[in-house]
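A short worksheet on the structure shown next.
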């Protein structure tokens, strides 16, 4: 039986020039979801609404069947968040900041914290405000994961981070997910993070969810097919998304259905190539931006 960790219904937030939602979204235990979309599509806003940093104008958020609004303290004790909240504390050292953060988490593991300091080469004595953007990102990530959270909410965790630390973050997130009991929602532009960590990909555009799919379904269903000709029946097929020439080829989001139709029409297939995840995401974002 699949257990829902987070259940979002009708979530809405209005700004002067932008509206997020209404959004309906569900994430199951043991699942990592990647939030993707153009800059300004609402990814960071959604994460801040989930953490109650921003107040929604409508809708509900449930964590393990309980409304987060009525159980905010318990919810935040079981969630790790990394999303550029620490800038007001730039005048204190990372050590002082860790004392402030750990106070709020009964399950804070100081041995784990010290392990990550060494792993990511963090100088505890440095003033947070004097750190580079990459170091700040690493510190945020460390703070988000040291209290054994059940759910991680991460806003572009590897942006500005050095290559070695990007690899370590990816390894640590995969380790976090290993027992199948924990979940991640991660806003990201990094295709490598999507491919290696995420099970579900959700595309936001102008505050709305335009596409949400299991990553394996992309590999199974999306393809580019080279054909000998295209007749009207094929061109009008609901699963043929685009047709280009030289050589003649079409893109589909349901390979099996289109292959069957091509056989019925006795049209020769010369080559089939599965689409990469980034090609599919580009298709959705560009189609909705047109």
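The values are calculated or read from the model by the stated rules, or taken from the named source; none is laboratory data. Note that the structure is a prediction, hence the values are computed from the model and not measured. Ideal geometry is used to build each Cβ from the backbone, glycine not excepted, and the neighbour counts take in all protein chains shown.
Assorted remarks:
- Within segment 193-227, being touching a helix residue (DSSP H, G or I) at 6+ places or on another chain (Cβ under 7 Å), over 26 Å from residue 20 (Cβ atoms) and surrounded by fewer than 18 Cβ atoms within 10 Å (Cβ to Cβ) holds for 195, 196.
- A single member of 19, 68 is buried (at least 20 other Cβ atoms within 10 Å of the Cβ) and in contact with a strand residue (DSSP E or B) (Cβ under 8 Å, 6 or more places away or on another chain), and it is 68.
- Counted residues, segment 151-165 - those being in contact with a strand residue (DSSP E or B) (Cβ under 7 Å, 6 or more places away or on another chain) and either surrounded by fewer than 22 Cβ atoms within 10 Å (Cβ to Cβ) or without any contact (Cβ under 8 Å) to a residue 12 or more places away in the chain (or both): 2
- Scanning segment 174-192 for residues that are surrounded by 14 or more Cβ atoms within 10 Å (Cβ to Cβ) and modelled with pLDDT of 90 or more gives 176, 177, 182, 183, 184, 185, 186, 187, 188.
- Scanning segment 141-174 for residues that are over 23 Å from residue 106 (Cβ atoms) and either not assigned by TED's automatic domain parsing to the domain that holds residue 46 or not in a helix (DSSP H, G or I) (or both) turns up 155, 156, 157, 158, 159, 160, 161, 162.
- Residue in segment 228-248 that is surrounded by fewer than 13 Cβ atoms within 10 Å (Cβ to Cβ) and part of a strand (DSSP E or B) present: yes
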